[in-house]
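Q: Attaching a single structure in structure tokens format; questions to follow.
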């Protein structure tokens, strides 16, 4: 399967199974589009007719171009068949029972009251609660016990707002550091925070211990303060921005992400990206809200059109800034063409429910943070392990080739089948697809590939 | 005349030979809490080789 499109002044052809990427002229673009549908004779004659009036494209150019396409096919860089299906379950099968990442719900409570929160203001449709040190410690032990030969273990301090339980976060990191060496493990911690409680202590600790910090900021003050308000209804923008700036400045180059959500209120999210840049932030991520149908925050069809244009304009802005020597990162446009994950990872689907789980404040295990509170998907707990084998098997069997829509989609080796929670909420099944999310994802990948090409060609 | 410029990319078919170590990051553990993707992830064994 190939995917061909025009963007940023380039004619781009992606050979999906091999990952080969080509920038082609208009004749090659046309020939490649017809190559598998028509005979050589028909293609050559159609091209010679189409370009008959063009002095710069002679009949011998057309024939030469066809030969170049044939050559790339013979080299395994075009029209490569997808023979990966039999490998699809292998990685999960090989690592069955191995857990390497936990999302610790350190606080099911929050000091902000954002109406668009998927976690219902941090409570996950349940009671307010914070994780005790004992539960957190057991969760870390559970992770080590179940991590097999995996060395790198990821732990995300999540909520609600994790800094409402900061002392426990600090104690858990201290505990993890005390045992990781002897266990032959390396903990990588992430903190996801709304910023309200950031102080010098949090900054010092995060910059010392957190591999990554995810800082929630929606961009323009009026956009941010529309949803991200305290319980008195006051916007949080003015409180958190100086704290984020101080933390990022002190971070000294270590990973962080300013992460925003765009909704029906701001499909023109590039304006929010520009505000983040003006505030001095360079590592940015903005994602579309995932809202229930009818929710006022939900993106409409008209909004989606705006968002699609915004993605292209964002790519243009990134290229401009890159050329000016003032680059910034957009999380969803990061793509490593020469590296990146192997094919096993690309086809095995999301690791939720298998190698990755969420832990509630009282120690229950769920496939990921987005399933917490849904009893059907409660997997077990950190004391007895996974007991709901049926639910876990459903996640283990989930891969790219289990979804009929993905089989025909060119982006399948870049999304790995998408988010199980989004699929579940949109269709009632984790093997369904969230169509709106797919459309946006494909647009992001087209932009990401175009940007990578422009940088590679030094243009 | 060259009609096609091929950009250097990792050959995904070849990655079937030595891949599958499982050390790489889980799909949704970083900035991305609502949209799983793998395009922006790194290969951990490649990182270790450097």
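Just so you know, all these numbers are worked out from the coordinates, no wet-lab data involved. Keep in mind that what you see is a predicted model, and the values were worked out from it rather than measured. Every residue, glycine among them, receives a Cβ derived from its backbone with ideal geometry; neighbour counts consider all protein chains shown.
Q: In whole percent, what relative contact order does segment A:300-386 give with Cα contacts below 8 Å and a gap of six or more residues?
A: Numbers: 59 pairs, mean separation 12.3, N = 87.
For segment A:300-386, the relative contact order is 14 percent.
Q: If you don't mind, there's one more thing I want to ask. Taking only Cα atoms, what is the 0 to 90° angle, nearest 10, from helix A:40-50's long axis to the longest principal axis of chain A?
A: With rounding to tens, the tilt is 80 degrees.
Q: What is the helix-to-structure angle for A:237-251, meaning the angle in degrees between its Cα long axis and the longest Cα principal axis of chain A, kept from 0 to 90 and rounded to the nearest 10?
A: 80 degrees
Q: For Cα pairs less than 8 Å apart in space and 6+ apart in sequence, what is the mean separation divided by the residue count of segment A:276-347, i.e. the relative contact order in percent?
A: Numbers: 32 pairs, mean separation 25.8, N = 72.
Contact order relative to length: 36 percent.
Q: Another question, if that's okay. How high is the relative contact order of segment A:38-151? Use alpha-carbon pairs under 8 Å, at least six apart in sequence, and give a whole percent.
A: Numbers: 63 pairs, mean separation 22.1, N = 114.
This gives 19 percent for segment A:38-151.
Q: Then there is this: In whole angstrom, how far apart do the alpha carbon centroids of segment A:31-87 and segment A:242-319 sit?
A: Cα centroid to Cα centroid, the span is 40 Å.
Q: Of all DSSP beta bridges in chain A, what percent run antiparallel (nearest 5)? It would help to have the intermediate numbers written out before the result.
A: Details: 20 of 53 bridges.
So the antiparallel bridges in chain A amount to around 40 percent.
Q: Would you calculate the separation in nanometres between label points at residue A:83 and residue A:49, each defined as 7 Å from the Cα along the Cα-to-beta-carbon direction?
A: Here the answer is 3.7 nm between the modelled labels.
Q: Now for a different question. Nearest 10 degrees is fine. How inclined is helix A:133-145 to the longest principal axis of chain A, computing both from alpha carbons?
A: 40 degrees
Q: Shielding by partners for A:23-31, please: the mean number of other protein chain Cβ atoms within 10 Å of each residue's Cβ. Don't skip to the answer; put the middle values down first.
A: Working: counts 4, 5, 5, 1, 3, 4, 2, 0, 2.
Mean shielding count: 3.
Q: Per-residue Cβ counts within 10 Å, from other chains only, averaged over A:331-339: what number is that?
A: Working: counts 6, 6, 2, 6, 5, 8, 5, 5, 8.
So the per-residue partner count for this stretch is 6.
Q: How far is it, in nm, from the label point at residue A:402 to the one at residue A:39 when both lie 7 Å from their Cα along the line to the Cβ?
A: 4.5 nm
Q: Where Rh is the Kirkwood radius over the Cα pairs of segment A:162-248, the temperature 4 °C and the viscosity 1.567 mPa s, what D in µm²/s does Stokes-Einstein return? Before the final figure, lay out the partial values.
A: Working: Rh = 14.3 Å.
After rounding, the answer is 91 µm²/s.
Q: Turning to a different aspect of this structure: Please give the average number of partner chain Cβ atoms lying within 10 Å of the Cβ of each residue in A:74-84, rounded to a whole number. Present the calculation step by step, with values, prior to reporting the outcome.
A: Details: counts 0, 1, 3, 4, 2, 0, 3, 1, 2, 2, 3.
Across A:74-84, the average partner-chain Cβ count within 10 Å equals 2.
Q: List, largest first, the extents of the alpha carbons of segment A:410-453 along their principal axes, each in whole Å.
A: Sorted largest first, the three principal extents are 38, 17, 14 Å.
Q: Could you give the spread of the C-alpha atoms of segment A:354-447 along their three principal axes, from largest to smallest, in whole angstroms?
A: 44, 22, 21
Q: Can you check how the C-alpha radius of gyration of chain A compares to 2.2 N^0.38 Å, as a plain ratio? Please list the in-between numbers first.
A: On the way: Rg = 24.2 Å, N = 459, 2.2 N^0.38 = 22.6 Å.
Dividing the Cα Rg of chain A by 2.2 N^0.38 Å gives 1.07.
Q: A further question on this structure: Using a 10 Å cut-off on Cβ atoms, rank the peptides A:413-421, A:323-331, B:7-15 from the highest mean neighbour count down.
A: Numbers: A:413-421: 27.2, A:323-331: 13.8, B:7-15: 18.0.
The most tightly packed comes first, giving A:413-421, B:7-15, A:323-331.
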